[in-house]
Amino acid sequence: MDLTSTSSGIAQMPVVDSSDTLADSLQCYSPTKKETWEYLAFKSVEEVEKFYGDYALKSGFSIRILLKSRNNSQNQRTDKIHYLRYGCNKQGYKKGSLLDPKNKPKSESPVVVEFEKVKEKPEERVGCTAAIFLKLDETLNVFKIYKWDVPHCHPLHKPEHGCYLRSFRQVNEVQGQLAVINSKAGMSMRTSYEVMGQGVGGTDNLPFRFSDLKNYLMTNRQKEMLVGEATVIQDFFRNEALSKPSFYYDIQVDAAEDIASIFWADGIMQLDYALFGDVISFDTTYRTNNQYRPLAAFMGFDNHRTSVLFGAALLYDETAATFDWLFTTFLKCMSNKKPQSIYTDQATALLKSVPNIFEGVFHGLCSWHMAENAKKNLGSRANSAFFDELNILISHVETESDFDYNWDQMMKTYFDGRPTADFKWLVQTYRNRMHWSSAWVKNHFTAGLKTTQLSESFNAFLRHFLQPDHSLVIFFNHFNIMVQRMRDNHTELDFKAANTRAKNNYPNSQLMRSVVNKYTPTCFAFIHRQYDFSFKYFYEEVTPQVSAIDKVFKVFTIVHVDEPEEVDGVNYDDACNDAPSNRDVLDEEVAENLPPNFEKHDRLDERLVTIDIRAKRISCTCRMFENRGFLCRHIFKILEFLGGSVQYHGLKTIPAEYVLKRWCRDVRQSVKSTINVATEGATQAQRYQQICAVTVNLCTRVCADPEASQIFLNGVLEAGRKAEELLNSKGIHIVQSSVTPPKSSSVTPSKSCNTTAVSEASDAQKSTGPKFKKRPNPIRSKKRLKSDYELAREHQKFLIHRKRKQRGAEDLKGKESAD
């Protein structure tokens, strides 16, 4: 209760000046002396609350409203308040309190005493009778005190405890709105409370406590949810569609028209997919919202090798039918453009759904999840040496025969030569070998992706913004903030790339000079690293000298060269500093410029490089360009050799077709300028972006003159009329989303409920809208979840303990039989 008032100005009556302090007023009016307050008059209830509240704060107790009666002295109901009563906060007793004398025992036995209700929580109300009584003087229309009970039956609070008294704690409108804004910005309640405290010199100076702020925000959220969470979410998506014309969302409902799953993607996500959607990482994570729904994210690499989001979904479950709906909806949103590769975990539902929907797309399996599953299924056999062997199968085998040989060696070493069929997990892993082994993966473009680590990094990033107790409304608000943070990071990287120049240790090399300003700094560092490694390699031409068009070279090294596993894991500065010293590792005859005798050394990493001189086509058996999109060290070795000859001057620079646009600095600008709105392949987001850019530029130009503005406006209206006629003739409506039924038998199709971007939610929609399908909490315990490795170790210890127990029982029986 906020106790505020001003003093009465009634003539010939003592009044309390509102500008006076409480100490001054108490010197004039003593509660224990009736003659000092019986003539006090108050114009309003607020003045009464201010007067008694100041007295209570100074004395050290909190107050509560005991009575506000509109009945007059004849007990007739009126429009005015006639009687007021304010008392100490400790007045009366709580129901069932042991302190209440009325709580008599049910049993008369002196041994067994049973009370109606026993309160375990500490009592605040102890039957205090301190109170003030007022009534309305109808003649003067003011309130007068007719009784004042001063004594308290409990100790009063110290002055420093005044900020904790309940009746003087209240979150005002300004502070409440600031807390709401902070909450929408992703700030926690505690942080918001501390920030507001810093603004007033400490939280002790705030007129409320943290619990009050928490209650205020919870009450505010409950008011927003009066129409139902599902209706609020639908309104949220409608507003997003209105503010972002390219925003797309789709809702899956069940037979009862309850919302099961939701997918959404805004225009920037669709544009990013058009640029970088050749490789996708897909994964799900739990506990991002209070509905226990898995959050599914479609991730990818941008031109800076950082994570970029293509779309997200909240799923009801992780069955094959749900994934079929999600992948179909995703492709529908992206104009049915399929990626070249998609990486997932080893979930059975995904192994079934991905080939079904993404037909013709390479399906890679996450190597990290493979390692975790190995710990879970193989127990103590999955040691560090086993993982070293598994890593060879994942990354370092070249052919199918190499894979089969290394697999057999692994079975002999770690599984005592037992067949693969004896281990269920190994059977499944071997059956899916073409999805994870480099012998098959190298033939597909994966941009260097081997795991769903993009999604895992995204999940870690989510934890800074989302909490498990968040409702879905808060979840979506904070999710948008998190996405904007990611985009701000991308923009900052674009600025740094445009504002700085990548470090090039080979300024005289035309190969490096030709791409130093094309690639982003991250990608150029990887190319630079490959060029560094090329100085450790040698070559031999194996084609006949008479052939001037096609040339084949053997490229190899005689020293071990460490291969950087991922583009992002390279220390760019260190990678570029020691390049000139690479020649020091060669043998003495090479250092002395003598013809090297390679027969004395083992050839390592030997590859065949084939070059079509006329067509400028280059290929290497390591297939790095086909797999990652970057030229390898072997090709750089041959280009450096051929570029030094006059007859091959066309190979002094890297051919343009081997500099992928997805890795370039100007990939976004180039797409903006090359999009043709008339092409079928352009997405809705791309067409919208170009149309907006053109119209904004024209509007800025023509608005300088009224006549030109009118001509432009008439032309736009006429063009809009013709476009509308064309859309109607083709049967195209402005539909941004639809509520579609699932394909599974467990969730039967329901009545279609189309949601357009221009429609508004009516009261009928709010009252009859679908509800969210209830999902049970998959996590029953509040304890920390154990990893698969921990669970496997516990199971192993259980088996060992059981064997020891059985062995002890057998030994005991043997001794008894011997006796």
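The values are calculated or read from the model by the stated rules, or taken from the named source; none is laboratory data. None of these values were measured; they are calculated from a predicted model. Heads up, the Cβs are rebuilt from the backbone with ideal geometry, glycines too, and the neighbour counts pull from every protein chain shown. Note: areas computed on protein heavy atoms with side chains; ligands, DNA, RNA excluded. Shrake-Rupley method; radii C 1.70, N 1.55, O 1.52, S 1.80 Å.
Rolling a 1.4 angstrom probe over the protein chains, ignoring ligands and nucleic acids, what is the accessible area of Glu725 in square angstrom, nearest 10?
For Glu725, the solvent-accessible surface is approximately 100 Å².
Assuming R0 = 60 Å, what is the FRET efficiency of Asn432 and Asp137, from their Cβ-Cβ distance, to the nearest 0.05?
On the way: r = 90 Å, r/R0 = 1.50.
The pair Asn432/Asp137 has a calculated efficiency of 0.10.
Please work out the FRET efficiency for the pair Lys33 and Thr191, using the Cβ-Cβ distance as r and a Förster radius of 60 Å; give the result to the nearest 0.05.
According to the calculation, E is roughly 0.75.
Once the whole set of protein chains is in place, how much accessible area is left on Ile342, using a 1.4 Å probe, in Å² to the nearest 10?
Surface accessible to solvent at Ile342 totals approximately 0 Å².
Would you calculate the separation in nanometres between label points at Thr695 and Asp79, each defined as 7 Å from the Cα along the Cα-to-beta-carbon direction?
Simple spin-label model gives 5.3 nm for this pair.
Rounded to the nearest 0.05, what FRET efficiency is calculated for Glu400 and Ile613 with R0 set to 35 Å and r the Cβ-Cβ distance? Let's see the in-between values first.
Values: r = 32 Å, r/R0 = 0.92.
FRET efficiency, Glu400 to Ile613: 0.60.
Filter the cross-link list Lys496/Lys652; Lys43/Lys144; Lys496/Lys518; Lys58/Lys94; Lys80/Lys144; Lys68/Lys94 down to pairs whose alpha-carbon distance in this structure exceeds 19 Å.
Numbers: Lys496/Lys652 29 Å; Lys43/Lys144 9 Å; Lys496/Lys518 14 Å; Lys58/Lys94 26 Å; Lys80/Lys144 15 Å; Lys68/Lys94 21 Å.
Violating the 19 Å limit, Cα to Cα: Lys496/Lys652; Lys58/Lys94; Lys68/Lys94.
7 Å from Cα along Cα→Cβ at both Asn172 and Ala256: what's the point-to-point distance in nm?
It works out to 4.7 nm between the two label points.
With a 1.4 Å probe and all protein chains in place, put Tyr164, Tyr506, Tyr52 in order of accessible area, largest first.
Output order, biggest surface exposure first: Tyr164, Tyr506, Tyr52.
Ranked from the most accessible area to the least, with a 1.4 Å probe and all protein chains present, what is the order of Ser62, Ser211?
Descending accessible area places them as Ser211, Ser62.
Solvent-accessible area of Glu724, probe 1.4 Å, all protein chains present, reported in Å² to the nearest ten, please.
Here the accessible area works out near 90 Å².
Need the full-extension length gain, Arg501 to Arg668, defined as separation in residues times 0.36 nm minus the C-alpha distance. One decimal, nm.
Gain in length upon complete extension: 58.2 nm.
Show log10 I(q)/I(0) for the stretch 235-304 at q = 0.12, 0.20 Å⁻¹, two decimals, from a solvent-free Debye sum over equal Cα scatterers.
Reported log10 I(q)/I(0), two decimals: -0.43, -1.05.
Points 7 angstrom from Cα along the Cβ direction at Thr129 and Arg793: gap in nanometres?
6.8 nm
Leaving ligands and nucleic acids out of the surface, order Leu393, Leu717 by accessible area at 1.4 Å, largest first.
Ranked from most to least accessible, the order is Leu717, Leu393.
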